[in-house]
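> Have a look at this one before I ask anything.
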Amino acid sequence: MNAFIVADPHRCIGCAACEVACAAAAAGQSVFAPGGQSAVFSPRLHLVAEAAVTAPVQCRQCADAPCAAICPRGAIRMAEGVVTVDSGLCIGCKMCMVACPVGAIEVRGGRASKCQLCTDRPEGPACMQVCPAEAFTLVRAQTLRAELVRRRAAGLCPAADARP
Amino acid sequence: MNGQQNVIRIDSDICTGCGRCKDVCPVGAVEGVQGTPHSIREDVCVLCGQCVQQCSAFASFYEQHPACIAEKKRERGLFVSEAAPLFAAWHTGDAPRVASRLAEGCHSMVQCAPAVRAAIGEEFGMPAGALTPGRLAAALRRLGFDRVYDTNFAADLTIMEEGSELLQRMEGAGPLPMFTSCCPAWVRYAEQQFPDLLEHLSSCKSPQQMAGAVFKSYGAQLDGVDPRQVFSVAVMPCTCKKAEAQRPGMEHDGVRDVDAVLTTGELAAMLRQAHIDFAALPDEPFDRPLGSYSGAGNIFGLTGGVMEAALRTAYELVTGEPVPCTELVYVRGGEGIRHATLTMDGRTFRVAVVAGLQHVRPLLEAVRAGTCDVNFVEVMCCPQGCISGGGQPKVLLPFQRDEVYAARKAALYRHDAELACRKSHENPQVQALYREFLGEPLGHVSHSLLHTVYGQTR
Ligand code: SF4
Ligand code: SF4
Ligand code: SF4
Ligand code: SF4
């Protein structure tokens, strides 16, 4: 399993700080620095807002990524557990947008753009770093296993033979 | 060529410049540098809509304002309520116009091309290859068309006229090979690139236009209405048919044969707009007489179909005996170009079937050079014939395309095999039309209604 970031909609207050931070990280420029507001605003996650709930949504780094499977150019590949776009190969056809089940990939400026877990950023994912509500979790295989053990111990997970 | 241009367009706001439309265009009409919006050369484009089928770049709600999307829908001739995404390559739409004409009340007659019944189900969640002639007739009736007729009837009529024309040419009355004229994208290509060979084209109008002409003459007479009051609509798998309906010469006594052309996708949109649940409709028959058809008429929807239908009839006209086997598998299928021969009355008859316009040039060069010994050629612009036309439900995932096209094709062959009447000349209503109205194939009435002159493009 790959690592991915997921946000808890019960915690998210809908402030969109994550979008701004993501866009700034993607542009390699702070939007609060002088002239920064003219940077291309191209976040790789999106705040989805409904009347009852808000939550940021971003790439789940699927192990069998449908975007990678559909890409006619082989521009999307798995690189060390992260679904990664090779901009040089991408032709901007948007097939990956059609294929992605969570709407986490977009074509901007003729190239696919998606969350790549800020692997090039020493501080780690920018969205997690700025979220005032601490809504994000970086999920790793170990995290899931630990959670499973915790739930079993708390009696929250019925044993396999007890299921209908 | 008023009104014929711009049926196919690329929206530069949405086009990402991926260039994949360029790869499928059979005539090299798409221009552009990768990464910048592409454009179509109107003088070369044959309006087949293959680029529309291919394009996967759509307007994202993240990038486009909803009001702008609504504006684009209006510009494209779509219902604003339509939920399908807007792709960069698109064709003009006529559904809102047809819906309002129907609501106004007029004497409406509709025809439906064979390939539509093998694909429209996909728009309503049915599997590829679902065959729905009965539901299609019911759906058109629910939309309020007064007469629900069928292009297949006119396909049978085309075989009568085209077959007779071919035999006449074989007797020395015209140049050979004779080329079919039912695919308007092919006709457009011939007119643009090979004007010196136009006398090789059959003078027959396409089935769409023949049907329209018969609606506004015989059909109007049967219903006791003035032809000028008939609103004639065609439902087609094809984008180029929209332009064909507007060609010069496609009229009679100043009355257009066909007033509006809808694609398969547009008919589906009309049904959704009218809240008609296609999948739940009962099977109903097409109206008679102009909705009755043979299996031969039905296979016009796929490559090799016109040829197979023509040979079933020609064999009988030449030899006086029915063709030994109705299924002429040797003209079926095949990408590109296929040659076949048939012996009739001791004479060898050579035919060729071209699927995909990019494959026709060598044959035309041979005709020009006088080295082509073929008698009859069927040309279809789209890769598998009309089942893969530019107006069919879009198959977005390229790896599914072959599978879906094969299923649609199989559906049309299945339909042919299931019909009792499988030869155009045996269609009793076509026989009645000749008896009561047209006289004989290539006769005076059919000449003025069903034939035209190609080459009047500019
Ligand atoms: S847009 Fe780029 S990354 Fe996405 S499928 Fe097309 S070529 Fe591949
Ligand atoms: S409509 Fe057909 S001919 Fe015209 S640009 Fe598109 S693919 Fe090419
Ligand atoms: S029209 Fe569509 S297929 Fe053609 S270059 Fe633009 S995005 Fe690509
Ligand atoms: S093959 Fe059929 S769908 Fe394609 S352009 Fe010709 S008539 Fe239209």
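Computed from the coordinates by the stated procedures, all read-outs in this text should not be read as laboratory data. Keep in mind that this is a model prediction, so the values were computed, not measured. Backbone-built Cβ (ideal geometry, glycine too); neighbour counts: all protein chains shown.
> What ratio of Cα Rg to 2.2 N^0.38 Å holds for region A:51-103?
Expressed relative to 2.2 N^0.38 Å, the Cα Rg reads 1.25.
> Cα extents of region B:315-390 along the three principal axes, largest first, in whole Å?
Projected onto the principal axes, the Cα atoms of region B:315-390 cover 38, 33, 16 Å.
> From the Cα gyration tensor of region B:393-458, with a ≥ b ≥ c the square roots of its eigenvalues, which class applies: rounded if a/c is under 1.5, or else prolate if a/b is larger than b/c, or else oblate?
oblate
> Rounded, prolate or oblate, given the Cα gyration tensor of region B:179-318, with a/c below 1.5 counting as rounded?
Note, shape of region B:179-318 comes out rounded.
> Under 37 °C and 0.692 mPa s, how fast does chain B diffuse according to Stokes-Einstein, given a Kirkwood radius computed over C-alpha pairs? Answer in µm²/s, whole number.
Rounded, D is 149 µm²/s.
> Would you calculate the separation in nanometres between label points at B:Thr326 and B:Asp196, each defined as 7 Å from the Cα along the Cα-to-beta-carbon direction?
About 4.5 nm separates the two model spin labels.
> What residue among A:Arg152, A:Arg11, A:Arg60 has the largest mean-square fluctuation in a Gaussian network model of chain A, using Cα springs under 10 Å?
A:Arg152
> Next question, about the same structure. Give me the one-decimal nm value for the distance between modelled label points at B:Asp373 and A:Val53, 7 Å along each residue's Cα-to-Cβ direction.
Result for the modelled spin labels: 7.4 nm.
> OK, next. Counting only residues 5 or more places away or on other chains, whose amide H sits under 5 Å from the amide H of B:Met178 once H atoms are built in the peptide plane?
So B:Met178 has HN proximity to B:Phe376, B:Val377.
> Turning to a different aspect of this structure: With chain A treated as a Gaussian network of Cα nodes joined by springs under 10 Å, which of A:Arg111, A:Arg145, A:Arg73 yields the largest mean-square fluctuation?
A:Arg145
> Based on the alpha carbons, how large is the Rg to Rh ratio for chain A when Rh follows Kirkwood?
1.02
> If contacts are Cα pairs under 8 angstrom and at least 6 residues apart, what is the relative contact order of chain A in percent?
Reported relative contact order: 27 percent.
> Test of understanding: what is the full-extension gain from B:Asn6 to B:Glu440, defined as 0.36 nm times their sequence separation minus their Cα-Cα distance?
152.4 nm
> In what sequence do B:Glu251, B:Glu365 fall when counting other Cβ within 10 Å, fewest first?
Ascending number of Cβ neighbours within 10 Å: B:Glu365, B:Glu251.
> List the lysines whose Cα sits under 25 Å from the Cα of B:Lys394, skipping any in the same chain fewer than 8 residues away.
A:Lys94, B:Lys22, B:Lys72, B:Lys73, B:Lys241, B:Lys242, B:Lys409
> Let me know the shape class of the protein assembly as shown, please: from the alpha-carbon gyration tensor, a ≥ b ≥ c as square roots of the eigenvalues, rounded when a/c is under 1.5, otherwise prolate if a/b is greater than b/c, or oblate.
prolate
> Tell me which of B:Gln392, B:Gln429, B:His359 sits at the most positive position along the dipole axis of region B:276-430, charges placed on C-beta atoms (Lys, Arg +1; Asp, Glu -1).
Most positive-ward Cα: B:His359.
> Report the gain in length on full extension from B:Asp402 to B:Val33: 0.36 nm times residue separation, minus Cα-Cα distance, nm rounded to one decimal.
130.0 nm
> Helix-only mean residue ellipticity at 222 nm, chain B, DSSP H runs n ≥ 4 weighted -39,500 (n - 2.57), per residue, nearest 500. What is it?
Value at 222 nm, helices only: -10000 deg cm²/dmol.
> With the cut-off at 23 Å, report for region B:8-134 the share of all Cα pairs above it, as a whole percent.
Within region B:8-134, distances greater than 23 Å cover 46 percent of Cα pairs.
> For region A:81-164, what's the radius of gyration and Dmax over Cα atoms, in angstrom?
Considering region A:81-164 through its Cα atoms, Rg and Dmax are 18.4, 53 Å.
> Treating only the Cβ atoms of Lys and Arg (+1) and Asp and Glu (-1) as charged, compute the dipole magnitude of chain B about its Cα centre; round to the nearest 20 debye.
Here chain B has a charge dipole of around 620 debye.
> Here's a follow-up. Dividing the Cα radius of gyration by the Kirkwood radius, what Rg/Rh value follows for region B:306-458?
0.99
> Hey, another quick one. What is the Cα centroid distance between region B:168-211 and region B:234-277, reported in whole angstrom?
What the calculation gives is 22 Å, centre to centre.
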